Amino acid sequence: MGHEDLPTLELAFPGPERDRGVEAILSGSKTALTGLLEIYEHAGEAVPQAGQRFSVLDSQGRPAVTIELVDVRVVPMKEIDDDYVRAEGRGYSDVAQWRKAHQDFFRSEGVSEFLGHTPVIDDETLVVAERFRVVEPV
C-alpha cells in the first residue's frame, strides 16, 4: 500500500512544532504520540488501533514517513510514565514537563477553536497514547 492509499496523520499544527515532530520520527527518537480523546470524539473519528498504518504529513501537507501503530491505549493523563514520555522523543526531562507541554497544547487557541471550548485538562483527562514504528520514510 503506497503513501497515497493510507490515512494521513498530522502532528500538532503546521509549522515548527510539526516539523520538529516529523524530524524526531525520521531520526528514530520519537516512537510515541499522544492525542486528546475529546478531539477524536468531537471529530467523530474512531480511536486508532494497533496495526493501522498512517502517512505522516509535513507542514506542507506532503507525506514524510509511514508509521504503523504497535500499541494504542486510552488512559487518564496520570497514567503516563517516564518511559512513555521518553518515547515521545521531544526531550522531555520528566512526566511533569511532558504534562505541561500537553496541557498547553490541548488548551491552545487552535484546539479550543476546533472543540468550541477550552477543554479541562487534569489527572483524569483521557488521552490516546500511541506507540508506533517507522515502516518507511518517503
> Between a first residue in segment 23-46 that is closer than 12 Å to Val128 by Cβ and a second residue that is assigned to a helix (DSSP H, G or I) and among the hydroxyl-bearing types (Ser, Thr, Tyr), which pairs have beta carbons less than 9 Å apart while being 6 or more apart in sequence or on different chains?
Replying inline: Ala32/Tyr84; Thr34/Tyr84; Ala46/Tyr40
> In segment 102-125, what count of residues is obtained for those that are crowded, with 16+ Cβ neighbours inside 10 Å and under 14 Å from the mean Cα position of the chain (by Cα)?
Replying inline: 4
> If you take the residues of segment 73-90 that are under 19 Å from Gly28 (Cα atoms) and either under 15 Å from the mean Cα position of the chain (by Cα) or surrounded by 13 or more Cβ atoms within 10 Å (Cβ to Cβ) (or both), which of them is modelled with the lowest pLDDT?
Replying inline: Arg90
> Is there a residue being hydroxyl-bearing (Ser, Thr, Tyr) and within 12 Å of the chain's Cα centre (by Cα) anywhere in segment 51-66?
Replying inline: no
> Which one is nearest to Arg86 (Cα to Cα), of the residues in segment 30-55 that are in contact with a strand residue (DSSP E or B) (Cβ under 7 Å, 6 or more places away or on another chain) and in a loop (DSSP other than H, G, I, E, B)?
Replying inline: Thr31
>> For segment 56-103, give me each residue that is assigned to a strand (DSSP E or B), in contact (Cβ under 8 Å) with a residue 60 or more places away in the chain and closer than 23 Å to Glu41 by Cβ.
In response: Ile67, Leu69, Asp71
> In segment 71-106, what residues are of a type in the set (Phe, Trp, Tyr) and within 20 Å of Arg18 (Cβ to Cβ)?
Replying inline: Tyr92, Trp98, Phe105, Phe106
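The values are calculated or read from the model by the stated rules, or taken from the named source; none is laboratory data. Since we're looking at a predicted model, the values are computed, not measured. So basically every Cβ, Gly included, is an ideal-geometry build from the backbone, and we count neighbours across all protein chains shown.
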